[in-house]
Amino acid sequence: MCESLSGLREALADLAAGFEPGQLAPSELQEALGQAGAIEKLGATLAGLIAARLAQLGKPSVARQEAARSLARAAGTTLREAQRAIGAAEEMAAQPELAAAARSGQLSRAQAGIVAGAAAANPAATAGLLAKASHVSLWELAGEAARATAASGPSWEQARRARSLRSYTDGAGVWHLHAQGPPEQGARVMANLQPIADKLFDQARSQGRRENPEALGFDALVELATSGGGGMPPAEVVFRVDAEAFFRGYPAEGEVTEVAGFGPVSTQAVRDVLEHGTTFVKAVVTRGVDVTGVVHLGRRPSAHQATALGWLYPTCAAEGCGVLTDWCQTDHRTPWAEAHFTVLSQLDRLCKAHHALKTYQGWSLVEGKGKRPFVPPGDPRHPRHAQRAVQCATGPPLEDSSRMPTAAQAPGQAFG
């Protein structure tokens, strides 16, 4: 077996030594990138399986730690990532679907670790997570895994016990900070940072400077930590809560209790924030309230619509993009200059890059709602092709009176 691995390494080394990307035709680049990515994933899977076998030799706790260190050195990764890779490899023995996907080059080390963790708590969720892994961002996959884990039983206490704050300075002299804990607490931290980041953004723009949103987020963290947040308005956190789950005390199958953009929480956590927190809370209560019916005549979304958008789009609406909604822009599918009213069902949240592609190069989300593919003008799924097909079949469009708000959709009727 070692000879086979050695021969494979030598073959790849020979290929890499003479490889020149410029020799690939533009039409071949995407396929070549996919093949190279699959090779990298396969290598990570093999390394994880070998390390998992190494962890079985000797005293369990000592052998597992030493196996993780060996994998971290061999793969050039962190000890934490190596530990997760070993856990994923161990979970493959009990999850044939997970093993098949990893052994075929479909999962990276990080993806395998996320799916394996959720599979251990909720094996029934494995197939759904594997189906999503190929077209969603790593951040979104982690969110889906968290929901699957929460559906299998209470997870808030696990998050509370795992809370931690670590900092270190890397070899380049860059300081890093890592924090983890219950999602509702993370939401409160980020909500307190947002108004400071907005203020810093306005200052930079007034001075003619363009700053990366993540850089402004760091500056906001420094200001919050060094000033104590004095004079800042209360933080705003948006909960999505199924009414039945809230009053019952726990979510049943298909019901959700979560912080928009941060993942599932217990209903007790929601009650605690409502009863004892200083945070300004907005809740989107589903079932019995159709948030897609919110309409008003202004260009910007109303307060109710903004709250609903924060739930509908915790990240950029473009499939595979994990930019948080706090850094996204509201997009009207039908330009406001044409419609002269704003209806929630015709709004999306797009990050700056995807919004620019739509505005200046004609890209668009495919028809539908929620996360969906973002395609160029020539793609047959582009909405403009669907509109042309309808016009060819029905003739020139008549004046569409349905685009005007009805009495039932007048301002002030947002939530019935």
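Nothing in this text is a laboratory measurement; each read-out follows from the coordinates by a stated rule. The structure presented is a predicted model; accordingly, all values stated were derived computationally and were not measured. Neighbour counts run over all protein chains shown; Cβ positions are idealised from the backbone, glycine included.
Points to keep in mind about this one:
- Calculated FRET efficiency for the pair Q268/T78, C-beta based, R₀ 22 Å, to 0.05: 0.05
- Rg ratio (alpha-carbon, reference 2.2 N^0.38 Å) - region 1-127: 1.17
- Under Karplus coefficients 6.51, -1.76 and 1.60, residue-wise ³J(HN,Hα) of region 58-70 in Hz, glycine/proline x: x, 4, x, 5, 5, 5, 5, 5, 5, 5, 5, 5, 5
- With a cut-off of 14 Å between beta carbons, the residues surrounding L365 carry a summed charge of +3, where Lys and Arg count +1 and Asp and Glu -1.
- With the highest mean first, a sort of the peptides 15-24, 375-384, 39-48 on other beta-carbon atoms found within 10 angstrom per residue produces 39-48, 375-384, 15-24.
- Each peptide in 105-116, 130-141, 348-359, 180-191 gets a packing score, the mean of other Cβ atoms within 10 Å over its residues, and the list from highest to lowest is 105-116, 180-191, 348-359, 130-141.
- Cβ crowding within 10 Å, taken as a proxy for footprinting-reagent exposure, orders C2, C328, C321 from fewest neighbours to most as C2, C321, C328.
- Translational diffusion of region 1-42, µm² s⁻¹ [Kirkwood Rh, Cα pairs; Stokes-Einstein; 20 °C; 1.002 mPa s]: 184
- Per-residue 3J(HN,Hα) values for region 378-384, derived from phi via the Karplus relation 6.51 cos²θ - 1.76 cosθ + 1.60 with θ = phi - 60°, read x, 6, x, 7, 4, x, 5 Hz in sequence order (x marks Gly and Pro).
- Residues in region 10-26 carry Karplus couplings, in order, of 5, 5, 5, 5, 5, 5, 5, 5, x, 7, 10, x, x, 7, 7, 6, x Hz; the curve used is 6.51 cos²θ - 1.76 cosθ + 1.60 with θ = phi - 60°, and Gly or Pro positions show x.
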